[in-house]
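Rule-based calculations on the coordinates, nothing more; no lab input. For clarity, every value in this text was computed on a predicted model and none was experimentally measured. Here Cβ is always computed from backbone atoms with ideal geometry, including for glycine, and neighbour counts include all displayed protein chains.
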Amino acid sequence: MRPAPSGAHRYLAELAWLGGPSPVVEKEVLLEVHNGRIAAVTHQAGPRRDGVVRLAGLTIPGLANAHSHAFQRALRGRTHGRTSNGDFWSWRDAMYGLAARLDPERLLALARAVYGEMALAGICAVGEFHYLHHSPSGRPYGEANVMGGALVQAASEAGVRLTLLDTCYLRGGFDRPLDGPQKRFGDRDAHAWARRADLIEVPDDTVIGAAIHSVRAVDPGSMEVVREWADGRGAPLHVHVSEQRAENEACLAATGRTPVGLLEASGVLGPTTTVVHATHLSGDDIARLGASSTRVCLCPTTERDLADGVGPAAALVTAGSPLCFGSDSHAVVDLFEEARAVELDERLVTERRGHHSAVDLLQAATAGGMRSLGRSGGVLEPGAPADFVTVRLDSPRTAGAGAPGLLDHLVFAASGADVTHVVTEGRPVVVDGAHVGLVDVGHALAEAITPLFEEQP
């Protein structure tokens, strides 16, 4: 485990967006850090001083990846080609096959490398939607939460702050039990899930949250148990919602309600709840989510990869739902790409530009994601966690950027590859584009992923 943040450090940002609704970028901003938090933010013009780390480029608050299935990173490049045509449900079969080959040791190696990839892309915090609870046969491990523990260790070693969203997953559909690879996802019932979740032990910098896998996987009575567990701990609650039209149709047939309507009836919606995807919504669904201030996590690089569709992001914001972003299946790990895709995909659907400003998208990728994960931050101000990211402005993608329009250039052209420095809780994680703790993230990914497929029959 990495040590708790300690000591004092000073960073001088050449340019800095401090977060919040203002688009203003400040010059020569000194960030003083003490014990993992920002102690002071001042303007410090003049020559470089001893003991000050110079951050060349644009520094912004740390990015938050609000929705991750770390193990699915192993599918990248293996489910995209024309020979893999089909829909979400055929992709899901490949995902189940991968899930069946993972044990705690393999999950640790894979997740550590994936979180390392996230850190290199400027991600300081991640929400892991975790349902690989038990052995492939469905039998519990001797240590009930050993798989979740592997994720906690992986994030710690990669320097990314983890919100472990322990997921309740009880059935294979509205009318069938868990079967085959799904068996390892489930506890006996919601109360058994809650008892196991109560046993999770984590370091202070890890948040434990709850997740309902979906309305097809958890019945309404069990949803209420999960909600009560989360409410009793002040924990965030996440749930997949309306990613596929088939899910909506099945829910209507089984319950007479849309998935959002069923969640509302079960008391799940609210400001500490985040619904993930929310792609296929009715007007009433949008109104329900907005009226309850329920957060919405969009994952456009996964949603386009799986041919899910494009969600009504602008309508959700107008209704009152704050946005955040996730890389989900990790077809791409790049929060800048997730952010701009929300705007650009909506342009394709509406044939109109200007649904979301660069500042709004950056807020969703920073403070919005942190709130979804049960964390403060997402701004550079005294008292906030010392999470910040510096993006170079001299790469082929960012060269020529300048005021006005610097934030537009960042959101609509930069990539995770342009990140040079990442500080998480005051601790340097990425320096000059290299991960401090993991020597070669690409090699680590290859070592973790390749054996999973070499052993296939």
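Table for the structure above
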quantity	calculated
Rounded to 5, percent antiparallel among DSSP beta bridges of the chain	45 percent
Efficiency of FRET from Cβ geometry, residue 265 and residue 394, R₀ 41 Å, rounded to 0.05	0.15
3J(HN,Hα) from dihedral phi, the range 192-203, Karplus parametrisation 6.51/-1.76/1.60, rounded to Hz, x for glycine, proline	5, 4, 4, 5, 5, 4, 5, 8, 5, 10, 9, x
With Cα atoms, 0 to 90° folded angle of helix 220-233 axis to the chain main axis	30 degrees
The chain: relative contact order as a whole-number percent, Cα under 8 Å and 6+ apart	21 percent
Placed amide H near residue 328: partners under 5 Å, 5+ positions off or other chain	67, 68, 69
Folded to 0 to 90 degrees: helix 104-120 orientation relative to the chain principal axis, Cα	40 degrees
For residue 386, residues with placed amide H under 5 Å, excluding near neighbours	37, 38, 425, 426
Length-normalised contact order for the range 60-166 - Cα pairs under 8 Å, 6+ apart - percent	36 percent
Burial ordering of 370, 147, 95, fewest other beta-carbon atoms within 10 Å first	95, 147, 370
Helix axis angle, 88-99 relative to the chain longest principal axis, alpha carbon, degrees	80 degrees
FRET E, pair residue 44, residue 376, Förster distance 22 Å, beta-carbon r, rounded to 0.05	0.30
